[in-house]
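K.L.:
I have a structure I would like to understand better, so I am pasting it below and will then ask my questions one at a time.
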Amino acid sequence: MISRFINKVHETGIHAIGIDKIIHSEEDSAERMAKSLQMKGVIDSLDVSDNYNIIEVNAPQRYIGLTIAVTKIRQDYNINILTLIKMEEKLNILG
């Protein structure tokens, strides 16, 4: 069973009745918002563990048009790029 808690007393009660997973939605949203405000270009972030995060960012202009190998991001910053999203404007049948 999954539940969301309202306050610490509520969380204690949820634990007592045996809920498997407790969602901390307000805390999670606040942390994600704080990261996007602290770090330039951050769109969204997800904490995978204490040591790993997945962060969606706008690529700095200096990297646009370069290959991942040429940027040396892994070597210089110890960052793994999981995927790239390239925005393209295309016409459809409506224009």
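Only the coordinates and a few stated rules stand behind these numbers; no lab work does. These figures come from a predicted structure and were not determined experimentally. When we count neighbours, we look across all protein chains shown, and the Cβ atoms used for this are built from the backbone with ideal geometry, even at glycine.
K.L.:
Expressed as an acute angle from 0 to 90° and rounded to the nearest 10, what is the orientation of the C-alpha long axis of helix 25-38 relative to the principal long axis of the chain?
P.N.:
In the chain, helix 25-38 runs at an angle near 30 degrees to the longest axis.
K.L.:
Name the residue from M33, A69, T83 whose Cα lies farthest towards the positive end of the charge dipole of the stretch 25-87, charges +1 on Cβ of Lys and Arg and -1 on Cβ of Asp and Glu.
P.N.:
The Cα lying farthest towards the positive end belongs to A69.
K.L.:
Follow-up question, since we're still on this one. Rounded to the nearest 5, what is the percent of antiparallel bridges among the DSSP beta bridges in the chain?
P.N.:
For the chain, the DSSP antiparallel bridge percentage is about 60.
K.L.:
Now, a different point. Per the helix-only calculation at 222 nm, which mean residue ellipticity applies to the chain, given -39500 (n - 2.57) for every DSSP H run of n ≥ 4 and division by its residues, nearest 500 deg cm²/dmol?
P.N.:
-9000 deg cm²/dmol
K.L.:
Output the relative contact order of the chain, whole-number percent, from Cα pairs under 8 angstrom with separation of 6+ residues. Don't skip to the answer; put the middle values down first.
P.N.:
Working: 63 pairs, mean separation 13.1, N = 95.
RCO, the chain: 14 percent.
K.L.:
Identify all lysines with a Cα-Cα distance to K8 below 23 Å; exclude those on the same chain that are fewer than 8 residues away in sequence.
P.N.:
Answer for K8, where 23 Å is the Cα cut-off: K21, listed by chain and number.
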